[in-house]
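Read-outs: derived from the displayed coordinates by stated rules, not from any lab. Please read all numbers here as calculations on a predicted model, not as lab measurements. In this analysis, Cβ positions are derived from the backbone assuming ideal geometry, glycine residues included, and neighbour counts consider all displayed protein chains.
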Amino acid sequence: MLIGIAFYSHAFCAAAFLLLTILLLTRWKSNTHAKVTTAASLLTTAWATVVAFETLSGAPISLAGELLELGRDAGWTLLLVKLLGAFKTDTPPRIGNLKPSVIAIALLYGALFAATLYAYLQGVSIDEVPVVVPGILGKVALAVVGMLLVEQLYRNAPVRERWGIKFACMGVGGLFAYDFYLYSDAMLFRLVNPEIWIARGAINALTAPLIALSAARNPKWSLGISVSRQALFHSVTLFGSAIYLLAMAGAGYYLRYFGGTWGAVMQGTFLAGAVALLFAVLFSGTFRSWLRVFISKHFYSYNYDYREEWLRFTKTLSEGGPQITERAIQAVANLVESPGGVLYLSRESGNCELVSRWNMQVGDDVEPVDSAFCHFLKTRQWVVDLHDYREAPERYDGMTLPAWLEQVADAWLVVPLILSNDLCGFVVLARARSRIVLNWEVTDLLKIAGSQAASYLAQQESANALMVARQFESFNRMSTFIVHDLKNLVSQLSLLVANAERHKDNPEFQRDMLETVDLSVQKMRLLLHKLARGSAIESPGRLHIDKLLRQAIAIKSGAEPKPQLEIIDADLMVVADPARLERVIGHIIQNAVEATAKEGHVIVRLLRWHREAVVECSDTGAGMDDEFIRERLFKPFESTKSAGMGIGVFESREYIQELGGRIEVQSQQPGGTTFRIILPLHLRDAQPVGQLA
């Protein structure tokens, strides 16, 4: 009964594909891929005919039947490859070279062909060969390859072309899908299921009309399809995972078969571990990076799909989330699979300063813009490979690597940020997850990416400068209102003076005048407190800074906690405007007092450090975190006070820098804050050098 059903099933398949072959030979001669399609259909017809008559005679499947089955699979595989355009001479470079994949498929067919011949020379049916040798496992692999090609064909076809190939994908994909079902079942149970095998002919016959309909819809079948790196990456991952799981399933079967009582436990534990290992590998950033580099290196003429890379690069720079400085590091690092980096930008101080870091730790060192290293980056605009520099420094024309950069162990590349032939800064990248050869293509891409990132950063800097300018404009507008209030106060006081001579003996007038003067003084003090800088600025001169400190402390004598003064080195002279310097020191003392509880301490020290005078203001207040100090403390119009204007510390730093000094800040939470105002001394004669506490 089953023999008869098997005969009719495969005979029906032979008739269906014979009709398809005749139609291809007569009606659709103009088909671009007619030869390959006709050959595959003819091989399918021959295979089904041989299997049908061998089944009817009761004989096992012969060598001819097995070889024709391999020929049938090879024919449809070749058609899929041709449709993918692997050997088209007009293929643009971005499509890439799929010849390595075709060679691998050809080797797989060759290996299975040799295994089939060997099995029959030994007098063993190929389906009876154990799965540890190329046999049923090889047929499963062929089915997986066919399904992957079908998936690639449909995924990469333009939407307008899918109408012409979708039935071909369904038909050829159905052939390989049923083979996968048949032989994976046989591999697991070490025996071909006769019911599944009998239905194979009829199911194959159902795919012939689908292929015929697709051929009628698209006589040319020339789609110009490209295989993107992303699609190939996912396909390789899927194919590798399928092969791995099949191998692990086979190993698990043998563990259960030979494990005795513990067989089931060993099999379950082994399969769970195998699946866990697979997920660990698939989600490993290092493995994914290696696979991308491997695919770009061995399957494509160029290392990058520039369209995809540039879209990803600009998206990273433009999207929200982290600061633009951190996004710039990520965008450049992603081009070479680097896991981290740091960004240095040129500042008004004349140094390239660290402004952002991403998964990489370095010190807070600065690099002068006029240093030999920055001069080399500006003039040559090279991407510096630090490993190559250490091996052959003569290639870099005597460039001197900064000492702080040599101490960064995982530093790999230095990418200059060039805008209008000027150095805006540079990015230091960490070592890549996988080995990347730094050839001309990679360096050119990094240089272009650096210039693009520099333009984004310059645009951000311009936007920030414009915002600060607008804030200063608002501040000036506010000053106009203050001047108007002062004018009203002056007018009011002038009126009092004018009436004083007439009413100076009137006690009631005297009482009102005192009250008015007191209110006017309070208002003027409030206005002066808000007004950061007066209109008249005296010329700087020599002054004793200890006397200035005593005067500043005396003004704050009524504050709680009361500031304490410690003069470690007296009689130190600096050149500055007394009023402005007193305002700077007073502002810092006032901030320390406001940040400290009444039971706390605020200590002001004066000492000498080499050729500099150091004014320390230490408090035991709440302190500040590093991010606040770096991002907000010296930024204008940033204040944590409800009534603050946010320009006090900014103005203080600006004036101290005008004097050739600097302000340093150390803070802990909790623990307090220490401000250091460091000014160059006006030396009259040699004095002993003290120690900085």
Extended-chain gain in nm, criterion 0.36 nm per residue less alpha-carbon gap, residue 63 and residue 421: 121.7 nm
Label-point separation in nm, residue 682 to residue 381, each point 7 Å along Cα→Cβ: 4.9
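Taking the Cβ of residue 390 as the centre, find all other residues whose Cβ is under 14 Å away and add up their charges (Lys, Arg: +1; Asp, Glu: -1). Please list the in-between numbers first.
Details: positive: 395, 431; negative: 385, 388, 391, 394, 406, 410.
With Lys, Arg at +1 and Asp, Glu at -1, the neighbours total -4.
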In order through region 172-187: 3J(HN,Hα) via Karplus (6.51 cos²θ - 1.76 cosθ + 1.60), integer Hz, x for Gly, Pro: 5, x, x, 4, 6, 5, 5, 4, 4, 5, 5, 7, 5, 5, 5, 5
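Can you tell me the FRET efficiency between residue 524 and residue 278 if r is taken as the Cβ-Cβ distance and R0 is 51 Å, rounded to the nearest 0.05?
The calculated FRET efficiency here is 0.10.
Work out the FRET efficiency for residue 395 and residue 567 from their Cβ-Cβ distance, taking R0 = 56 Å, and round it to the nearest 0.05. Please report the intermediate quantities before stating the final value.
Values: r = 57 Å, r/R0 = 1.02.
That pair, residue 395 with residue 567, gives E of 0.45.
What net charge do the residues around residue 199 carry, taking every other residue with its C-beta under 15 Å from that of residue 199, with Lys and Arg at +1 and Asp and Glu at -1? List each step's numbers first, then the result.
On the way: positive: 200; negative: 179, 185, 195.
That works out to -2.
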Net charge contributed by nearby residues that have their C-beta within less than 11 Å of residue 346 (K/R +1, D/E -1): -4
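Out of the GluC sites (Glu not before Pro) in region 309-340, which ones are loop residues according to DSSP with at most 14 other C-beta atoms within 10 Å?
Numbers: sites: 309, 319, 326, 337; in loops: 319, 337.
Here the sparse-neighbourhood loop sites are 319.
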